[in-house]
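To start, the structure under review is shown below, and the notes come after it.
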Amino acid sequence: MSDGNLRSRFTHNVPTSVVAEDELRVHLSTVDTPLLLVCAVHVTGDSSLLDRFADKVGIPRSNVLGVVEAPVDSATLQANAELTDIVCDALTKRNQNPYLRTTDLALVARMADIAVGTYVDPKNLPMYMEQCGFAPDQRAISPTSTPPATLNLAIIGAGMTGLDAAVKAADRGFEYEVFEMEAGIGGLWWSQTYPGVAVDTASVYYSLSYEMTPDWSRHYPVGEEYGRYLTELAKKYELTDRLHFNSEVTQMKWLDTEQVWELTIEDTVEHTIRTVRAAAVISGAGHFNRPKYPDVPGRESFAGTSVHTARWRDIDLAGKRAAVIGVGAAGIQVIASIADQVEHLAVFQRQAHWVIPNLFPDNGKVGDSERWLRRHLPYYQQWSRFLAFWQMNVISYQMHKVDDDWIKTHSLSISPENDMIMQMSLNYINDTFGEGSDLARKLTPDFAFGGKRPIRDPGRFEPGGYYYALSQPHVDLVTSTLSRVVPEGIVTADGTLHELDVIIWATGMTLDWLSPIEIVGRNGVTLNQVWADNNPRTYLGGTVPGFPNLFINDGPNTGVATGGAGHNFMTETVDHYAFECLQLVVECGATSIEVTQQAHDAHNDRIEELMLDLIWTHEHRADTYYRNQTGRIILPSPFTATDFWDMNQRPDKSAFLLRAGARAGAVRQDVGA
Ligand SMILES: Cc1cc2nc3c(=O)[nH]c(=O)nc-3n(C[C@H](O)[C@H](O)[C@H](O)COP(=O)(O)OP(=O)(O)OC[C@H]3O[C@@H](n4cnc5c(N)ncnc54)[C@H](O)[C@@H]3O)c2cc1C
């Protein structure tokens, strides 16, 4: 495996680490022995260590949920001591040999088996090597296929996806500009500021693979920390000059004769309009843009303070009677965060969620040793990410896939893996509230785990935890349906008036994709017409027939659920594919690329077929925004992470129409102001 991209700025070089022995020994004492062995191989370049220690290191003790498994036996302790000496000997020298890189796939395969404690099918390794920061994008771009300046890009959104597209554009030599309707960098990590907003995917793998950072303060960082990460990314990759804030794309029109998109952009502060032309558009606009409210009469009549989590503003909650409507990911973060500030909290739950316990000690803080090791022990960060990502991948797919034999004898869970996670959550309910108690009954879902997006308790059973908050005497869990909002509060279907000072709507966002933008394609048809009735479909790279040179990242059926990855995985993988398509345009001397209807339909037929084996078409008891009103699953991808990654590596030319038209004008033509 080579470091491919000839022009790439992603060097993936692991710098020489020279450290003091005392310090090194202290921190090494916390490393799982299998990871110590693979790092020892890297720093010594001595692969015979695998023969010597492979059967002595045991399996990794830690897992991505924060559980520390089984005690270590004496053979492992002995191996750990010897490997510690070996690593100390290597890393305390000033003159070190270059570290062993991951170029020999057979060797990497052996190391992978040791790092995760079981067999890893080598066919998965290229994806893991890229996504865990060992090797960059595999593409070797020939210097003769440099993109012409006329193939300029407009990127929508300065969240994770838009920034990744910008990094890739710069790396591959494309001209680009990014249009962001908000005033800053970060996407939802900029705009979502509700109390407790935080990532609920492990930080060790919820970051861009070429920009892993050893510095996360928490295993599940708060939103602000994640926003800082994205801001630093923009600075480091020198994107900031290309970012246009307060710039909302309101309309896009494909001009076929000129083979360009014309974008109408509104300045959200000055309220002026301008138009910009770009040969291609990559959308990183996300799919959550507008707050969603339940259909309850009287919402505007409430006399107190009413706020949606997605439009948070400072509110004085001290001594107030507050309500949180909704117990999804945002709802439970708010509840856990504000419970100790209010006088009384009413939690309105439409449907119980499965909640994964938070097993990390010390409020989920990443320990000092862990951070030190990620920075100073070469390849430790990469293998830690590998382990976490692998664990999630394997479990996640099996957890969502219906096992036909299993369901013959189980009424709720759909596979052994699904049952294992469900039992963990069920035990969490019963251990906390007592089996059969009123709260346990109300909190136990009647659908299989994963039927709707599972959520993670932001804290343990202590202040800052969700179940802890629910156990407090001043917090009530209300399961009666909302009937109407009145000036004094909320009336529920059982006739109770819940008197309130503050209502917090944690009722999610509309699944918008690009519907707020009028996008007119090649034949004058709009994307909203093609996707009418909440029925969006795309081919790979977020391409749609009739919409040349448009790549809708984070589009329908690309959600990460079955892949067990973070959103970053889909972001990078889809952006990669979009750039491969653009590279094809360059290499073919074309001006536009458009997916054929046939390829698009066949891909979507495949999605529907695979969905039949997955939980969401089987489990209808769960209300989920993954499903549209006709029952079609529109958000998650049905593919395994590896399959998804593989099919996104190179476009199949036969799936596309490549056209060569006259593209008028040069790079950016502002045709109005
Ligand atoms: C509260 C919350 C928590 C989440 N936690 C996780 C998690 O822990 N793990 C995980 O994997 N995923 C999580 N997600 C999913 C999440 O959407 C992604 O992880 C990710 O950050 C989204 O990045 P993005 O760049 O694709 O979209 P966004 O972050 O939504 O960014 C889109 C950007 O496009 C801009 N934009 C939209 N329309 C226009 C327009 N017309 N003109 C100009 N700009 C426009 C928006 O202002 C925004 O800045 C979470 C989502 C939410 C809402």
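Suppose every Lys and Arg Cβ carries +1 and every Asp and Glu Cβ carries -1, with no other charges. What dipole size does the chain come out with about its Cα centre, to the nearest 20 debye?
On the way: 55 positive and 84 negative charges, 165 e Å.
Dipole about the Cα centre, nearest 20: 800 debye.
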Worksheet item: Using a simple spin-label model with points 7 Å from Cα along the Cα→Cβ vector, what separation in nm is obtained for residue 20 and residue 654?
Response: 6.5
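For a quick protection proxy, order the peptides 308-317, 466-475 by their average other-Cβ count within 10 Å, most packed first. Before the final figure, lay out the partial values.
Working: 308-317: 16.5, 466-475: 18.5.
By packing density, highest mean first, the sequence is 466-475, 308-317.
Just from its helices, what would the mean residue ellipticity at 222 nm be for the chain, if runs of 4 or more DSSP H residues each count -39500 (n - 2.57) and the sum is divided by every residue, rounded to the nearest 500 deg cm²/dmol? Walk me through the numbers before you get to the answer.
Numbers: 21 runs with 218 residues, N = 673.
Calculated mean residue ellipticity at 222 nm is -9500 deg cm²/dmol.
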Discussion item. Please report the spacing between the Cα centers of segment 17-96 and segment 327-376 in Å, no decimals.
Written reply: 32
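So, by mean Cβ neighbours within 10 angstrom, what's the order for 612-623, 414-425 with the highest one leading?
On the way: 612-623: 17.5, 414-425: 19.8.
Descending packing order for the listed peptides: 414-425, 612-623.
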Item to complete: Find which of 351, 98, 429 sits farthest along the positive direction of the dipole of the chain, computed with +1 on the beta-carbon of Lys and Arg, -1 on that of Asp and Glu, about the Cα centre.
Response: 98
Worksheet entry | 18 Å cut-off, amide nitrogen to a point 7 angstrom out along residue 510 Cα→Cβ, residues in segment 610-627 | 625-627
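Which of 543, 479 comes first, and how do the rest follow, when ranked by fewest Cβ neighbours within 10 Å?
Values: 543 27, 479 16.
So the ranking, lowest neighbour count to highest, is 479, 543.
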Worksheet item: Sequence-distant or interchain residues sharing an amide H contact under 5 Å with residue 198, placed H: which?
Response: 223
Response to the item:
Given Cβ charges of +1 for Lys and Arg and -1 for Asp and Glu, the option among 493, 392, 367 whose Cα lies farthest towards the positive end of the dipole of the chain is 392
Discussion item. Between residue 274 and residue 290, what is the label-point separation in nm under the 7 Å Cα-to-beta-carbon projection?
Written reply: 2.7
Worksheet, complete the sentence: Whole-Hz Karplus couplings 3J(HN,Hα) for segment 230-240, θ = phi - 60° and coefficients 6.51, -1.76, 1.60, Gly and Pro as x, run 5, 5, 5, 4, 4, 5, 4, 8, 6, 8, 4
Item to complete: Could you go through segment 418-427 in sequence order and give the Karplus-derived ³J(HN,Hα) for each residue, using 6.51 cos²θ - 1.76 cosθ + 1.60 with θ = phi - 60°, rounded to whole Hz, and x for Gly and Pro?
Response: 4, 5, 4, 5, 4, 5, 4, 5, 5, 4
Response to the item:
Counting only residues 5 or more apart in sequence or on a different chain, those whose built amide H sits under 5 Å from that of residue 251 are 264, 518
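Using a simple charge model, +1 on the beta-carbon of Lys and Arg, -1 on the beta-carbon of Asp and Glu, nothing else, what dipole does segment 94-210 show about its Cα centre, in debye to the nearest 20?
Working: 7 positive and 12 negative charges, 96 e Å.
Charge dipole of segment 94-210: 460 debye, to the nearest 20.
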Worksheet, complete the sentence: Placing each pseudo-label 7 Å from Cα in the direction of the beta carbon, residue 236 and residue 217 end up separated by a distance in nanometres of 1.9
Worksheet item: With respect to the cross-link table entries 365/452; 292/452; 292/442, which display a Cα-Cα separation exceeding 26 Å?
Response: 365/452
Response to the item:
In order over segment 91-107: 3J(HN,Hα) from phi, Karplus 6.51/-1.76/1.60, θ = phi - 60°, whole Hz, x for each Gly or Pro, gives 8, 9, 7, 6, 9, 10, 6, x, 5, 5, 9, 9, 8, 9, 4, 5, 5
Fill in: Mean-position separation - Cα centroids, segment 600-644 and segment 452-474, in angstrom
30
Worksheet entry | Cα radius of gyration and Dmax for the chain (Å) | 25.9, 77
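How would you order 525-537, 562-574, 450-462 from highest to lowest mean count of nearby Cβ atoms within 10 Å? Present the calculation step by step, with values, prior to reporting the outcome.
Values: 525-537: 16.1, 562-574: 24.7, 450-462: 20.9.
Packing proxy ranking, top to bottom: 562-574, 450-462, 525-537.
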Practice prompt. Would you mind checking which residues have amide H under 5 Å from residue 478's amide H? H placed 1.01 Å from N; only 5 or more apart, or other chain.
Written response: 347, 348, 349
Practice prompt. Distance between Cα centroids, segment 153-195 to segment 530-566: provide it in whole Å.
Written response: 18
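Just how large is the dipole of segment 152-195 about the Cα centre, in debye to the nearest 20, putting +1 at every Lys and Arg Cβ and -1 at every Asp and Glu Cβ? Display every interim value, and only then the final one.
On the way: 2 positive and 6 negative charges, 21 e Å.
That gives segment 152-195 a dipole magnitude of about 100 debye.
Rule-based calculations on the coordinates, nothing more; no lab input. For clarity, every value in this text was computed on a predicted model and none was experimentally measured. Reconstructed Cβ throughout: ideal geometry from the backbone, glycine too, with neighbour counts over all protein chains shown.
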